[in-house]
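Bear in mind these aren't lab numbers, they're just calculated from the coordinates by the rules spelled out. Please read all numbers here as calculations on a predicted model, not as lab measurements. Heads up, the Cβs are rebuilt from the backbone with ideal geometry, glycines too, and the neighbour counts pull from every protein chain shown.
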Amino acid sequence: MRTPRRKSPALLSLRRLQTAGFTLIELMLTVVIIAILAAVALPSYKEYATRSRRSEAITAISAVVQAQERWRANRSSYSNSVTDLVGSLQIQHYELTLEGIGETGSYATGYVVKATAKSRGLQNNDSDCPVMMATMTGGQLTYSAQAGQVNTTSKCWPK
């Protein structure tokens, strides 16, 4: 009768190495799952980032509105210069402009402060809120937004 041979520790170690690891199918399945998760998460992340950059416009417009009220308290009309109101306010994704009210663009009774997404920037792809505005007319402040000729106020200004 033959006695069973004892396997050498080196041979046992080699067999463990051969059976350890992942198969190609397991790796491919992992890559597919990661790709599906990325395809779902990336658009949501981009929308979140776009909405967060809109807060920059809301903050800048609010700063101009408050500065206009301080200006008007000391003078007979509103200011026609963003620089006079907020100095060098750091705005990365929007251009701020002021316009007077009426045919002649008078600043005596009101103004429109407009934040327009910069043409070369991350916010340029914002299809819902490329232009956000606050309009002061006769003591009444209204907020609005538009994309082309479409009014998108409800998407752009929080309630």
(message) When the residues of region 89-128 are narrowed to those that are surrounded by 15 or more Cβ atoms within 10 Å (Cβ to Cβ) and among the aliphatic types (A, V, I, L, M), which ends up nearest to the chain's Cα centre (by Cα)?
(response) Ala117
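In region 129-139, which residue that is in a loop (DSSP other than H, G, I, E, B) and loosely packed, with under 15 Cβ neighbours inside 10 Å is nearest to the chain's Cα centre (by Cα)?
Gly139
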(message) As an exercise: evaluate Thr30 against (1) closer than 26 Å to Thr142 by Cβ; (2) out of contact with any helix residue (DSSP H, G or I) (no Cβ under 8 Å at 6 or more places or on another chain) and give the number of the one condition it does not meet.
(response) (1)
(message) Here is a check on your reading of the model: is Arg72 more than 22 Å from Trp157 (Cβ to Cβ), of a type in the set (D, E, K, R) and part of a loop (DSSP other than H, G, I, E, B)?
(response) no
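Among the candidates Lys118, Lys159, single out the residue that is closer than 20 Å to Ala49 by Cα and out of contact with any helix residue (DSSP H, G or I) (no Cβ under 9 Å at 6 or more places or on another chain).
Being closer than 20 Å to Ala49 by Cα and out of contact with any helix residue (DSSP H, G or I) (no Cβ under 9 Å at 6 or more places or on another chain) holds for just one of Lys118, Lys159, which is Lys159.
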(message) Take Val65 and tell me if it is surrounded by 12 or more Cβ atoms within 10 Å (Cβ to Cβ), touching a residue at least 12 places away in the same chain (Cβ under 8 Å) and assigned to a helix (DSSP H, G or I).
(response) yes
